[in-house]
1. Any chance you could count how many residues in the range 198-220 are under 15 Å from SER286 (Cα atoms) and away from the ligand (no atom under 13 Å from the Cβ)?
2. How many residues, within the range 283-320, are in contact with a helix residue (DSSP H, G or I) (Cβ under 6 Å, 6 or more places away or on another chain) and at positive phi?
3. Would you point out the residue of the range 75-100, among those that are surrounded by 22 or more Cβ atoms within 10 Å (Cβ to Cβ) and among the hydroxyl-bearing types (Ser, Thr, Tyr), that is nearest to the ligand (Cβ to nearest atom)?
4. Looking only at helices (runs of 4 or more DSSP H) that lie completely in the range 141-218, which have at least 3 residues being surrounded by 23 or more Cβ atoms within 10 Å (Cβ to Cβ) and in contact (Cβ under 8 Å) with a residue 24 or more places away in the chain?
5. Here are LEU146, LEU195, LEU222: which of them is at pLDDT 95 or above and in contact with a Leu (Cβ under 7 Å, 6 or more places away or on another chain)?
6. Just to be sure I understand, how many residues within the range 196-223 are over 21 Å from HIS30 (Cβ atoms) and not small (Gly, Ala, Ser)?
7. Given (1) more than 12 Å from the ligand (Cβ to nearest atom); (2) out of contact with any strand residue (DSSP E or B) (no Cβ under 6 Å at 6 or more places or on another chain); (3) closer than 25 Å to ALA70 by Cβ, where does ALA187 come up short, assuming only one miss?
8. Could you list, in sequence order, all residues of the range 156-183 that are within 12 Å of the ligand (Cβ to nearest atom) and either hydrophobic (A, V, I, L, M, F, W, C) or touching a strand residue (DSSP E or B) at 6+ places or on another chain (Cβ under 7 Å) (or both)?
Amino acid sequence: MKILPLSLFAVAAALAFGGAAAQTTIRISHATPATSHYGVGTQTFCAEVEKRTAGRYKCQIQPNVNDERASIEAVQLGTLDATNTSTGPVSNFVPEVGIVDIPFLFRDYDHARRVLDGPIGQELLGKFTAKGLIGLAWTENGFRHLTNNRRAVVKPEDVRGLKVRTMQNPVHIQAFQSIGVQPTPMAFSELFTALQQGVVDGQENPIPVILSAKFSQVQKHLSLTGHVYSPAVLILSPKLWNALSDADKAAFREAAKIGAAAQRKKVNDDEASGIDQLRKEGVEVSKIDGAAFRTAMTPVFADFAKKYGAENIKRIQEFK
Ligand code: EAX
């Protein structure tokens with residue numbers, strides 16, 4: 001028997017069953033549990049896609065697929081249709097995106113969200129296309145904070161010599177090195193065990209991730225460093241995107257915006273209740289001297305300005 005490509009098979013099946021519209025299942029991954037901010041955002045996106053295409057598209061969501069770099073690769077290859085991922089590994093694929101990973105670039109959530117939803121964010125999404133990826137919308141991971149098992153970190157000196165897992169992100173690695181941290185880049189999938197076994201002393205992630213990954217079981221200290229905003233992005237494979245009609249493309253874009261809003265709301269909620277929750281789970285929480293951390297990173301900012309353009313950085317900082 002000749003094996004039909006899946007899409008032809010779907011059409012043939014639809015015709016055989018009286019011409020009902022074919023249904024396509026989108027396989028979409030995210031790194032954290034289904035109940036986390038990524039889960040909420042992805043489920044909302046999927047429900048909206050299904051609704052706005054009258055059920056012609058629906059999702060099969062894969063939570064806990066926690067090697068984000070591998071997911072992006074799979075989307076690029078077309079073996080996975082979509083992923084909702086932090087920008088952690090993204091600049092390895094789309095170098096220009098590294099600019100949004102610069103520490104202390106965004107003042108607060110409002111600033112970050114407005115930049116990403118405005119012209120700068122849309123220009124950056126446009127850069128994905130040449131790399132065989134469709135950047136559909138900015139979702140959100142959140143401001144990252146440092147946890148570790150050695151000591152309460154308050155001042156930049158306190159991080160010297162700490163072995164900290166970072167994402168596979170060149171900007172983060174360089175920034176941490178500049179203040180004396182020993183960065184150990186690894187996939188999120190390896191992190192819990194690495195913390196448990198003491199392979200690294202600490203890690204840094206937004207409150208929603210620290211909560212949903214249950215890091216309180218393996219980390220003693222949380223410092224509210226908020227050292228960098230961690231954007232996330234909904235990425236589609238061109239294979240899926242190019243098969244969509246213009247109307248369906250508009251439906252997907254709208255669905256992605258609604259998904260992003262739901263994900264951001266979950267980040268807000270987790271931020272509001274999460275620190276108390278972590279305290280209850282036995283984590284010691286310290287506030288930090290933010291200005292001192294920013295000053296300690298001054299030399300590395302000059303490097304980032306060279307790499308990404310001082311003007312481009314200023315444009316983000318001054319965006320109203
Ligand atoms: O996107 O790898 C990370 O630390 C990410 O923040 C996490 O997987 C969620």
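1. Counting residues in the range 198-220 that are under 15 Å from SER286 (Cα atoms) and away from the ligand (no atom under 13 Å from the Cβ) gives 3.
2. 0
3. That would be SER86.
4. In the range 141-218, 170-178, 207-212 are the helices (runs of 4 or more DSSP H) which contain 3 or more residues that are surrounded by 23 or more Cβ atoms within 10 Å (Cβ to Cβ) and in contact (Cβ under 8 Å) with a residue 24 or more places away in the chain.
5. Selected residue: LEU222, the only one of LEU146, LEU195, LEU222 that is at pLDDT 95 or above and in contact with a Leu (Cβ under 7 Å, 6 or more places away or on another chain).
6. Count: 11.
7. (1)
8. The answer is VAL164, ARG165, THR166, MET167, GLN168, HIS172.
The values are calculated or read from the model by the stated rules, or taken from the named source; none is laboratory data. From a predicted model like this one, the values you see are computed outputs, not experimental measurements. For neighbour counting, all protein chains shown are included, and Cβ atoms are generated from backbone atoms with ideal geometry for every residue, glycine included. Accessible surface is based on the protein model in full, side chains and every heavy atom, while ligands, DNA and RNA are left aside. Shrake-Rupley method; radii C 1.70, N 1.55, O 1.52, S 1.80 Å.
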